[in-house]
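See structure below.
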Amino acid sequence: MRRFFLSLLLLAAVLAAACAWWLNAPLPLAQGQALELEIEPGTTPLGVAHAAAGAGVQVPPRLLWLWFRLSGKDRQIKAGNYEIPPGTTPRLLLRKLVRGDASMRSLTLIEGWTFRQVRAALAHADGLKPDSAGMDDAALMAALGRPGLAPEGRFFPDTYAYVRGSSDMAVLARALRQMDRRLEAAWAARAPELPLKSPEQALILASIVEKETGRAQDRAQIAGVFINRLRLGMLLQTDPSVIYGMGEKFDGNLRKRDLQTDTPWNTYTRPGLPPTPIAMPGRAALLAAVQPEPTKALYFVARGDGSSHFSASLDEHNRAVNRYQRAGGK
């Protein structure tokens, strides 16, 4: 009898050692490469084990399930898309699933991008479900709860992290809410007596400032020029707005006839602000639009090095244009 109990103790010790070794040994993965494990909401612990085996974890599903059960954390496993790299042990796998350390990706929306560029970036983003792919812009905005609103400039340029398998609409909804918050904060901090009647107009002006600025230091003064022109009722005459109105017709060269061809966004032929933003403004452009630098300048021209030359009179501006055009400027 004594030998029997000793044998049982020895067997238990061997099993405990084997379990400890297995729990801390790397799981064998198909082809030795990182795997993607997708766990749908409502999946049972046994279903999770089968999903792991189906993804390429070369361990009997019931063995994984038994580990989940014995750990006492089987009901704490969270849905999500997970990356399982080589070297992952059963202990590390369960820890990842319980913590919800899902496989994250990120998408960066750039200041000055148009919505066309945003949609192209969404289409090529790694791991995003292209739920918006079959929608035109109007349907997309309606699905986001903004029917009738043009999408241009409505999404805040930033880096957005997401779980692999997320909808591109979820990323857009976050960017839309972020722009709402940023615009609201900028409008609340606006300077007094601006010739802007609404946050909408501030957003439109900010998009123009974003596209016109080549050097960050000039941003607030560029905004000041446009504010001066709005106060005086002068045409804004901003090339990026004309280019936006041309759409796919723009071939990289802006000609005199383009400036004379009327569109809703042609600020050479129509007074005031265009009807919509022309791009996504960042935080600095939003603040510049509502907190412009006090200036007497009514004109500016690019020097060719990213900076701008500002002029208070047309004669001075024409001299600057001749100088910097001859020097290879814009």
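The values are calculated or read from the model by the stated rules, or taken from the named source; none is laboratory data. Bear in mind the structure is a predicted one, so any value in this text is a computation, not a measurement. In this analysis, Cβ positions are derived from the backbone assuming ideal geometry, glycine residues included, and neighbour counts consider all displayed protein chains. Surface areas here come from the heavy atoms of the whole protein model, side chains and all, with no ligands, DNA or RNA. Shrake-Rupley method; radii C 1.70, N 1.55, O 1.52, S 1.80 Å.
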Lone unmet requirement of (1) closer than 15 Å to L37 by Cα; (2) assigned to a loop (DSSP other than H, G, I, E, B); (3) open to solvent by 20 Å² or more (accessible area, probe 1.4 Å); (4) not acidic (D, E) for T88:
(3)
Would segment 265-280 turn up any residue that is farther than 25 Å from E184 by Cα and either part of a strand (DSSP E or B) or open to solvent by less than 30 Å² (accessible area, probe 1.4 Å) (or both)?
yes
Mind listing whichever residues of segment 91-120 are farther than 23 Å from P28 by Cα, open to solvent by less than 20 Å² (accessible area, probe 1.4 Å) and of a type in the set (G, A, S)?
G112
Mind listing just one residue for me: the one in segment 287-313 that is more than 30 Å from T108 (Cα to Cα) and part of a loop (DSSP other than H, G, I, E, B) and, of those, least open to solvent (accessible area, probe 1.4 Å)?
A297
Being modelled with pLDDT of 95 or more, more than 30 Å from P294 (Cβ to Cβ) and of a type in the set (D, E) is the requirement here; does D126 meet it?
no
Working only within segment 35-67, note down all residues that are open to solvent by 50 Å² or more (accessible area, probe 1.4 Å) and either touching a residue at least 24 places away in the same chain (Cβ under 8 Å) or at positive phi (or both).
E36, E38, E40, P41, G42, T43, Q58
Check on M234, assigned to a loop (DSSP other than H, G, I, E, B), open to solvent by 30 Å² or more (accessible area, probe 1.4 Å) and not acidic (D, E):
yes
Name the single residue that is farthest from P192 (Cα to Cα) among those in segment 292-307 being more than 29 Å from the chain's Cα centre (by Cα) and of a type in the set (S, T, Y).
Y299
What tally of residues in segment 147-162 results from selecting those that are over 14 Å from the mean Cα position of the chain (by Cα) and exposed (fewer than 15 other Cβ atoms within 10 Å of the Cβ)?
3
Scanning for something of a type in the set (D, E) and open to solvent by 30 Å² or more (accessible area, probe 1.4 Å), does segment 70-78 turn up at least one residue?
no
Filter pass, A284 being under 30 Å from F155 (Cα atoms), surrounded by fewer than 17 Cβ atoms within 10 Å (Cβ to Cβ) and either touching a strand residue (DSSP E or B) at 6+ places or on another chain (Cβ under 6 Å) or of a type in the set (A, V, I, L, M) (or both):
yes
